[in-house]
Amino acid sequence: MEQQTDQELIVRALAGDRSAFNPLVERYQRAVYLVARRMLRDHDLADEVAQEAFVKAYFNLAKYDSSYRFYTWIVRITMNLCYDTLKKHRREAPLELAAGKFSDDDPLEQAVQTDSCQRIRDEIDRLPREQREVLLLRVDRELSYQEISAVLRIPIGSVMSRLFRARQKLSHSLKDIA
């Protein structure tokens, strides 16, 4: 069976075929969860937000602008829900980077690597929200500038300048561990 495109599935869902939305959920659930997990640093909250994002997308499918990829739209919904959740829990949005795998069994090396990863996460957490979210989408989700622009609804030039400033600040604050 040939896999249908996002657009084809959306057209079917809008025409009343409720099962047409399921492949979209299956296709993007991991990515949506990972965005929420990195922003919230909490598995249960991320799981709730991911589910809520798909429910919200389903009930607002008629508002979807087909000039954007469905992926960028669902990520934007997810990020907005994460910010709402963070406001509700009164905490600032941290960014979690995946810890690197250790090739060496040396406990001292592992401790140094773990400490460095935590230090990097802490420095990223100190970045302004606009810079953190661009960094998350570029480095962690590996989105292009155009995709980040679509997700955040900002010009590509703003994406580039925010990313440049974030990298510059991180480079300065982490120069002692480079």
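Numerical summary
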item	result
Residue within the range 84-97 that is in a helix (DSSP H, G or I), crowded, with 16+ Cβ neighbours inside 10 Å and at pLDDT 90 or above present	yes
Members of the range 153-178 found to be hydrophobic (A, V, I, L, M, F, W, C), crowded, with 16+ Cβ neighbours inside 10 Å and at pLDDT below 90, listed by number	Leu170
Among the residues listed as Gln118, Gln51, the single one being over 24 Å from Val151 (Cα atoms), polar (S, T, N, Q) and either surrounded by 14 or more Cβ atoms within 10 Å (Cβ to Cβ) or modelled with pLDDT under 90 (or both)	Gln118
Test: residue in the range 139-153 that is over 20 Å from Asp125 (Cβ atoms) and among the acidic types (Asp, Glu)	yes
Contacts under 9 angstrom Cβ, first residue in the range 151-176 being over 14 Å from Glu130 (Cβ atoms), partner of a type in the set (A, V, I, L, M, F, W, C) and part of a helix (DSSP H, G or I), 6 or more apart	Ile156/Ile148; Leu170/Ile120; Leu170/Ile124; Leu170/Leu135; Leu174/Ile120
Elements of type helices (runs of 4 or more DSSP H) contained in the range 1-82, each with 3 or more residues being touching a residue at least 40 places away in the same chain (Cβ under 8 Å) and in contact with a Ser or Thr (Cβ under 6 Å, 6 or more places away or on another chain)	22-40
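The values are calculated or read from the model by the stated rules, or taken from the named source; none is laboratory data. Please read all numbers here as calculations on a predicted model, not as lab measurements. Backbone-built Cβ (ideal geometry, glycine too); neighbour counts: all protein chains shown.
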